[in-house]
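Derivation of every value follows stated rules applied to the coordinates shown; laboratory data play no part. From a predicted model like this one, the values you see are computed outputs, not experimental measurements. As a convention, Cβ positions derive from the backbone with ideal geometry for all residues, glycine included, and neighbour counts pool all protein chains shown.
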Amino acid sequence: MDIEKLTAKQKVKLVMGADFWTNYDLDGAIYKFVVSDGPVGLRQPIDRTTTEQHDCIKSVAYPSFQMLSQTWNTELAFKMGKSLGNDCIEQKVDVLLAPGVNIKRTPTCGRNFEYLSEDPFVAGVFAKQYIEGVQSMHVGTALKHFCCNNCEKSRHWISSEVDERTLREIYLLPFEIALEAEPWTVMSAYNLVNGVRMSEHKKLFDLLRGELGFGGLIMSDWEAVKDSEASLNAGLNWEMPFNEEHQKEMLEKAEKLDKDKLNQSAAQVIALAEKCEKESKLRKADMTLEERRAVSEEIEEEGIVLLKNNGALPLNKGKTFVTGAAAWHYYYGGGSSNVYPEYPFESLESALKSCGADAFYAESVWEVTGHQANLGNLKQAMRFAAEYDYTVLCVGNPNSCEYESSDRQHIKLTKEEELAIHSLAEVSDKIIVVVYAGAAIDMSDWIDEVDAVVWAGYGGEFVNRAVAKVLTGRVNPSGKLTETFPLALEDVPAENAYSDAAVVLYSEGLNVGYRYFDTYGVPVLFPFGFGLSYSEFAYGNLTIEKQGENFKIAFDIENLSDTDGKEAAQVYVRELTKEVYRPYKELKAFKKVFVKAHGKTRAELTLGRKSFAYYSVAKDGWIVHGGIYEIMIGANCDKILLSKKIKVD
């Protein structure tokens, strides 16, 4: 279509949404594409013409992004994306508004469950595979939220104040990695960065277009635009959703708008419409509903993290008492990723019985709302706990606690749930606590009193089926954390950084997550990369071979147990002869391998030159400092099992 033949007013309408989910189609002259929420399942109103978000279609509910990354299996990110692509085809959705790669700077962020990790490399590689999976089905994605949307506090007005090196190494790097998958669109964030609203941030849009090489459409987050003309001039292509007042203002001055900027953005919308139309003709669903359900359950099975086990798991023969609000309520994160599951919720009691366990449920904590709970008949629960061989207490944060637009007030469980843990632990032979939440929980007050802790997270519609399989040993847990669990919230440097009504100061710089705790030797509840198994693994025989500018790393992982298992091995790099500040070590590669009982598997990975680079503000680019580096192989950040020094030119 010749953009010059369109009137200025037509172009204005093009660069603004037609409603909540679709584009202006030039009165039928171009394809009307449909976008949809749905990082972890489609969230689309039955009536797409309405702004109401309560009457939505039912869809497969997949585990949260936290659970996806905790699999340490990027193949599952591709499978999840492919499954969602099939969901989109069924519902005639052209662009899925996902994935989100914002860094978990602090555990209190209300949307942490929507994000992948505190580590930019983990976030980037999982997002890349997810995008490739969705787009393999000829459905587009929206890489978001560009960038530094790391809290929900006053998110439309707060400025994230961050230095350039930290911006590049921590907050932009996951976008840079994910962009290798060529997402069709990028979504700008609500917040300001260094005093400039992201929907008006020409410097960062230019970086996105230039150095990072993005050629697709840049859209706003919903209602993020405050000045339509300023956003257009900065390089934003599509303002969402339709805003009558904004459009009226833009139509009135249509002829006075920067013609080149208007043409560029209108052309991007037309190009996306043409791409959606072309790709829609190639779409063909290739997964049954049962196959997509299986993907949801598989992700949860591999993402569950066994945090503690003093011989209580797997459950042996005996009677199991199940209690707690999360045992019979469906827990999920609130906001735009709130999916309406198409499959009926199954309680943990029912799921355990399906796995052959002798399980019985009775109330203790009845319901959790926000940071408070309704405590039921705890005295009766204590009697059952005393009588039964195992107590499984289900706790956590429902969507009234973790949700879009607000941050958590603290990271502890409710006082009522902590009381239940103390009380039941006192009388139980073996007590297992299963946690259903989307971000780190402070367990320091009670973890020494319990025999086992299982992190179920927000596990999607088959969460309890997967949890039951782990508890009974049908599934050997292999998930590992992709965020640090601190001993206390005040240990997190970002929580102590300056913040007021206008700004959040990223004074911790590069020291986000394990980069801080590791460098400064601050103890944590559970380190980054931590997770137990019913198997026991040993690492050995590390070799490193230089191949051009790359280094090929290989090592053995041996299973010393009688149980087949999967192990996620992590490769960290430490610069020994540094010329600028570097965190003590940084994750640069990982691999999850299956090892048969009493078997051995050789893991092979490659580190490219970028694995040794830092961003030099002085030289405006990525620099590799020649010198000595230590390659560290670990089961988690705090458990380094193999290491070897290399020289990098």
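Which whole-Hz ³J(HN,Hα) couplings does the stretch 68-76 yield from phi under the Karplus relation 6.51 cos²θ - 1.76 cosθ + 1.60, θ = phi - 60°, glycine and proline marked x?
Going residue by residue, I get 4, 5, 5, 6, 6, 10, 5, 4, 6 Hz, with x marking Gly and Pro.
Cα-Cα over 19 Å: which of LYS11/LYS261; LYS32/LYS203; LYS144/LYS284?
On the way: LYS11/LYS261 11 Å; LYS32/LYS203 31 Å; LYS144/LYS284 26 Å.
Exceeds cut-off: LYS32/LYS203; LYS144/LYS284.
Mind checking which aspartates and glutamates have their C-alpha under 20 Å from LYS256, skipping anything on the same chain fewer than 8 residues away?
Within the straight-line limit of under 20 Å, LYS256 reaches these aspartates and glutamates: GLU4, GLU200, ASP227, GLU229, GLU239, GLU244, GLU245.
Find out how many positive minus negative residues lie around LYS261, taking Lys and Arg as positive, Asp and Glu as negative, among other residues whose Cβ is under 14 Å from that of LYS261.
-2
What are the ³J(HN,Hα) couplings of the stretch 592-597, residue after residue, when phi is run through the Karplus curve with 6.51, -1.76, 1.60 and θ = phi - 60°? Round to Hz, x for glycine and proline.
Values, residue by residue: 9, 10, 9, 10, 5, 3 Hz.
Using the Cα gyration tensor of the stretch 523-564, with a ≥ b ≥ c the square roots of its eigenvalues, what is the shape: rounded (a/c below 1.5), prolate (a/b larger than b/c) or oblate (neither)? Spell out each step's value before the answer.
Working: a/c = 3.76, a/b = 1.50, b/c = 2.51.
Taking the square roots of the gyration eigenvalues as a ≥ b ≥ c, the stretch 523-564 is oblate.
Using a Debye calculation, one point per C-alpha and no hydration shell, please list log10 I(q)/I(0) for the stretch 535-648 at q = 0.11, 0.23 Å⁻¹ in order.
Each listed q maps to, in turn, -0.39, -1.25.
Decide, for the stretch 3-280, between rounded, prolate and oblate: order the square roots of the alpha carbon gyration tensor eigenvalues as a ≥ b ≥ c, take rounded if a/c falls under 1.5, and otherwise choose prolate if a/b is larger than b/c, else oblate. All intermediate terms of the calculation are to be shown ahead of the outcome.
On the way: a/c = 1.66, a/b = 1.22, b/c = 1.35.
Oblate is the answer for the stretch 3-280, as a/c is 1.5 or above yet b/c matches or exceeds a/b.
Considering amide H positions built from the backbone, and no H for Pro or chain starts, which residues 5 or more places from SER188, or on another chain, come under 5 Å of its amide H?
Long-range HN contacts for SER188: PHE146, MET219, SER220, ASP221.
Quick check: pseudo-label points 7 Å beyond the Cα along Cα→Cβ at VAL580 and THR50, how many nm apart are they?
Label at VAL580, label at THR50, 5.3 nm between them.
Apply 1/(1 + (r/R0)^6) to the Cβ-Cβ distance of GLU490 and HIS156, taking R0 = 22 Å, and write down the FRET efficiency to the nearest 0.05. Don't skip to the answer; put the middle values down first.
Working: r = 28 Å, r/R0 = 1.26.
The formula returns an efficiency of 0.20 here.
Mind ranking 338-351, 174-187 by how tightly packed they are, going by the mean number of other C-beta atoms within 10 angstrom, highest first? Kindly include the intermediate steps, with their values, before the conclusion.
Numbers: 338-351: 18.7, 174-187: 22.9.
Result, highest mean Cβ count within 10 Å first: 174-187, 338-351.
Along Cα→Cβ, 7 Å out, is where each label goes; now give me the distance between the ones at GLU75 and HIS422 in nm to one decimal.
Reported label-point gap for GLU75 and HIS422 is 4.7 nm.
Around ASN23, with a cut-off of 10 angstrom between Cβ atoms, what is the net charge of the other residues, counting Lys and Arg +1 and Asp and Glu -1?
Working: positive: LYS13, LYS32; negative: ASP19, ASP25, ASP94.
Net of charged neighbours comes to -1.
Search the structure for amide H atoms under 5 Å from the amide H of HIS138, placed 1.01 Å from N in the peptide plane, and list their residues when 5 or more places away or on another chain.
none
So how much slack lies between ASP163 and ARG602, counting 0.36 nm per residue of separation and subtracting their Cα-Cα distance, in nm? Mind showing how you got there, number by number?
Values: separation 439, 0.36 × 439 = 158.04 nm, distance 4.08 nm.
Extra length available between ASP163 and ARG602 comes to 154.0 nm.
Does the stretch 342-391 classify as rounded, prolate or oblate by the C-alpha gyration tensor (a ≥ b ≥ c root eigenvalues; a/c under 1.5 gives rounded; else a/b over b/c gives prolate, otherwise oblate)?
Judged from the Cα gyration tensor, the stretch 342-391 comes out oblate (a/c at least 1.5, b/c at or above a/b).
Have a look at GLN570, PHE537, ALA589 and report the one farthest towards the positive end of the charge dipole of the stretch 535-648, computed about the Cα centre with Cβ charges (Lys/Arg +1, Asp/Glu -1).
ALA589
Determine the gain in length on full extension of the stretch GLU90-ARG209; use 0.36 nm per residue of separation and subtract their C-alpha separation, reporting nm with one decimal.
Numbers: separation 119, 0.36 × 119 = 42.84 nm, distance 3.26 nm.
Extending this stretch completely gives an extra 39.6 nm.
Amide H to amide H under 5 Å from VAL305: which residues, 5+ apart in sequence or cross-chain, H placed 1.01 Å off N in plane?
Residues meeting the amide H criterion: TRP455.
Once the piece of chain linking THR519 and SER400 is laid out straight, how much longer is it, given 0.36 nm per residue of separation minus the C-alpha distance between them? Walk me through the numbers on the way to the answer.
Numbers: separation 119, 0.36 × 119 = 42.84 nm, distance 3.51 nm.
The THR519-SER400 span can extend by a further 39.3 nm.
How far apart, in nm, are two points set 7 Å out from the Cα along the Cα-to-Cβ line at GLN372 and at GLU180?
5.0 nm
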